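> My questions all concern the structure below.
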Amino acid sequence: MATAQTRTLSRIMMAPAVIVLLIWMIVPLVMTLWFSFQNYSLINPMMTGFAGWANYLYVIGDPSFTQSLVNTLILVGGVLIITVVGGTFLALLLDQPLWGQGILRIIVISPFFVMPPVAALIWKNGFMHPGYGMLGHLWKFFGLQPVDWFNQYPLFSVIVIVAWQWLPFATLILLTALQSLSEEQREAAEMDGANAINRFYYIILPHMARSITIVILIQTIFLLGIFAEIRVTTGGGPGYASTNIAFLVFRTGILSNDIGAGSAGGMVAVVIANVVAFFLMRAVGKNLDA
Amino acid sequence: MGSISLRNVKKSFGDVQIIPDISLDIKEGEFVVFVGPSGCGKSTLLRLIAGLEDTSSGTILLDGEDMTKAPPARRGLAMVFQSYALYPHMTVRDNIAFPLKMAKASKEEIDRKVEYAARTLNLSSYLDRRPRALSGGQRQRVAIGRAIVREPKAFLFDEPLSNLDAALRVNMRLEITELHQQLKTTMIYVTHDQVEAMTMADRIVVLNAGNVEQFGSPLDLYKKPANRFVAGFIGSPKMNFVDGPEAAKHNAHSIGVRPEHFLLSRENIPGTWKGTVGVAEQLGSDTFLHVHVDGLGLMTIRTDGDQTFSHGDDVYLTPDATRIYRFDAAGLAI
């Protein structure tokens, strides 16, 4: 890429890919933006035309929106806490030399390969169902009343399922970070009189800081849009107890057949995602500076 | 404070025996160098003393106290690693202060000791930098600083200079030797470089395949090597060995002559070795001649820098009769 000629050439060669990507991105976004300002309800097809801010006021003004926003933040935050803390512990355990390490690691990673709706179904029917779920049986074994997880603790149940899926990802990234710590540094800390807890706090944790940041950033991006797990298990209910912004858009646009309001909700979700990303980058992004 | 004794220490990893059986007594305040070819177990021996590896059997005494099973921190030893093992996310100050912080020393004590160490090692102006921003020699000094502040019974150095360039290595060699004279603390220093061993040590332990070949002062090892291995390992360039009838003339299985113990001449003197000069390595002060001696093989001869031999010249060698080392069939000195 040294000369002007190769630079021009490289630009021409890259142009088709860049243009396709741009269209791919821009067209749906512009269409959503367009619909969000239109009266476009499948139940009332006669009513068309420009709606102004009505769709936005309708979505944001609804009490379910505030609840969904709070639910989204709790969902993201809860899963992040469980996966980062749990992932760190699992990584520390898996880093110990033990028999069958290779197989154990594959087993630990495997939940990540299970598709979200499948994982949700496994949890819904296999574990959390009060009648025939494993947890129900466990409760009954101890003579307790089985918990109807999706009715009594809907959001918590969704958090558990999503955390189960993302724990392997966090574990894997954190394990590689752990393994890149030089053995001599650990030994030096040991010679310096640091016990296991101090070694973890002063040596291992700072070493892993960057990887933890990456785990948080990547997971947040995906967790803001959690949908399948909610759709399969609680359906956003009871009421709006487990509805996040993504699911609210689905409820408004598809279940209520109001494409205009759904699009407005979608645009709001885009803004929220960007706001979260902005604050997140400010909060943890400094760890990424080499 | 600072005597170290090993009693019948053995170490094996699985079926592989690294150290068959070693007993050593290191006196208080001594600078002892473990030297040997790579894989001879010198680093393992150091790690056993440090407590970073468990002994398979035997006893390690520090100041007469049995520390064989004690964890590294309780042994009161400080170690400088080959890679320095500085903590990259801490400043130089925090690096040096870390052992004190772990020992729960007071803030004033930490400041005082860190300042002292920094002044001793010329690090005062770098205290707020991260290790990344330091040169190799400076990192080395930070690692030593981190060792000093603990006021350990003994310092352990694991090939600390092998990552430095040649000029810096000579400097740091001097600095560590000076530090030893200043602190008078016991030091154990592991290296594969016999020049470092000769120049720094009070006493040298020559190791080979996990066995102590000889333990003595540098000049002892040079003048009275216990066996053929030590004779070949200590001294640079290496000693020349001759087997067969030539050795039998001296009633030995093999004889050794150091490169500096030859007389050279261009005239044929009866009883001398005749050879042809191969390569002449000129160092200015000295010249190393690699001579192909008829019937005896390649020999290295050290001569002064003004000699006039060059490739292909015939040369006659007379070994200094008083400085011929004789070895028996088992390689032991006679």
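> Give the order of B:Tyr325, A:Tyr153 when sorted by the count of other beta carbons within 10 angstrom, beginning with the fewest. Please list the in-between numbers first.
On the way: B:Tyr325 22, A:Tyr153 16.
Starting with the residue having the fewest Cβ neighbours, the order is A:Tyr153, B:Tyr325.
> Please state the Cα pair-distance histogram of segment B:162-321 with 5 angstrom bins from zero: what percent is in each bin?
2, 8, 15, 17, 16, 15, 12, 8, 5, 3, 1, 0
> Quick check: the angle from helix B:107-120's long axis to the longest principal axis of chain B, C-alpha only, nearest 10 degrees?
Helix B:107-120 and the main axis of chain B meet at about 20 degrees.
> Please work out whether segment B:162-218 counts as rounded, prolate or oblate from its C-alpha gyration tensor, where a ≥ b ≥ c are the square roots of the eigenvalues and a/c under 1.5 means rounded, while otherwise a/b larger than b/c means prolate and anything else oblate?
Oblate.
> Next question. Using a/c under 1.5 as the rounded threshold, could you call segment A:8-94 rounded, prolate or oblate? The axes a ≥ b ≥ c are square roots of the C-alpha gyration tensor eigenvalues, and prolate needs a/b larger than b/c, oblate otherwise.
Because a/c hits 1.5 or more and a/b fails to exceed b/c, segment A:8-94 counts as oblate.
> Still on this model: Could I have the simple spin-label model distance between A:Asn198 and B:Lys274, label points 7 Å from Cα toward Cβ, reported in nm to one decimal?
Result for the modelled spin labels: 7.4 nm.
> If a/c stays under 1.5 just call it rounded; otherwise compare a/b with b/c (prolate if a/b is bigger, oblate if not). Do that for segment A:53-288, with a ≥ b ≥ c from the square roots of the Cα gyration tensor eigenvalues.
oblate
> Same structure, new question: With all distinct Cα pairs included, what does the Kirkwood hydrodynamic radius of segment B:46-102 come out to in Å, to one decimal, could you say?
In segment B:46-102 this quantity evaluates to 13.0 Å.
> Moving on to the next point. Size of the dipole of the protein assembly as shown about the Cα centre, Lys and Arg at +1 and Asp and Glu at -1 on the beta carbon, nothing else charged, in debye to 20?
Roughly 1580 debye for the protein assembly as shown.
> Counting just the Cα atoms, what span does chain B cover along each of its three principal axes? Round to the nearest Å and put the largest first.
The principal-axis extents, from largest down, are 78, 44, 32 Å.
> Can I ask one more? To the nearest µm²/s, what D does Stokes-Einstein give for the protein assembly as shown at 4 °C and 1.567 mPa s, using the Kirkwood radius over alpha carbon pairs as Rh?
Taking Rh from Cα pairs, D becomes 41 µm²/s.
> Two decimals, Cα atoms only, Kirkwood Rh: what is Rg/Rh over segment B:55-188?
0.97
> Let me ask you something else. Mean Kyte-Doolittle of at least -1.0 plus a Cα span of 30 Å or more along the axis: flag which DSSP H helices in chain A meet both, please. Spell out each step's value before the answer.
Working: long enough: A:4-36 (45 Å, 1.47); A:63-94 (45 Å, 1.80); A:154-179 (37 Å, 1.76); A:259-284 (37 Å, 1.84).
Both cut-offs are met by A:4-36, A:63-94, A:154-179, A:259-284.
> Using helices alone, I'd like the mean residue ellipticity at 222 nm for chain A: each DSSP H run of four-plus residues gives -39500 (n - 2.57), total over residue count, nearest 500.
Per the formula, -21500 deg cm²/dmol.
> If each Cα of segment B:238-327 is one equal point scatterer, what is log10 of I(q)/I(0) from the Debye formula at q = 0.15, 0.17, 0.21, 0.22 Å⁻¹?
-0.52, -0.67, -1.00, -1.09
> Among residues other than A:Gly262 whose Cβ falls under 13 Å from its Cβ, what is the net charge (Lys/Arg +1, Asp/Glu -1)?
-1
> Write out the trypsin sites (Lys or Arg not before Pro) in segment B:1-100 meeting two conditions: DSSP loop, and at most 13 other Cβ atoms within 10 Å of their Cβ.
Passing sites in segment B:1-100 are B:Lys27, B:Lys69.
> Net charge near A:Arg231, counting Lys/Arg +1 and Asp/Glu -1 over other residues with Cβ under 14 Å of its Cβ?
Result for the local shell: +1.
> State which entries of B:Lys10/B:Lys69; B:Lys42/B:Lys69; B:Lys184/B:Lys223; B:Lys27/B:Lys184; B:Lys27/B:Lys223 exceed 18 angstrom in Cα-Cα distance in the structure shown.
On the way: B:Lys10/B:Lys69 14 Å; B:Lys42/B:Lys69 20 Å; B:Lys184/B:Lys223 27 Å; B:Lys27/B:Lys184 12 Å; B:Lys27/B:Lys223 23 Å.
Cα-Cα > 18 Å for B:Lys42/B:Lys69; B:Lys184/B:Lys223; B:Lys27/B:Lys223; rest within.
Rule-based calculations on the coordinates, nothing more; no lab input. These numbers were taken from a predicted model, which means no experiment stands behind them. Please note: Cβ atoms are built from the backbone with ideal geometry, for glycine as well, and neighbour counts cover all protein chains shown.
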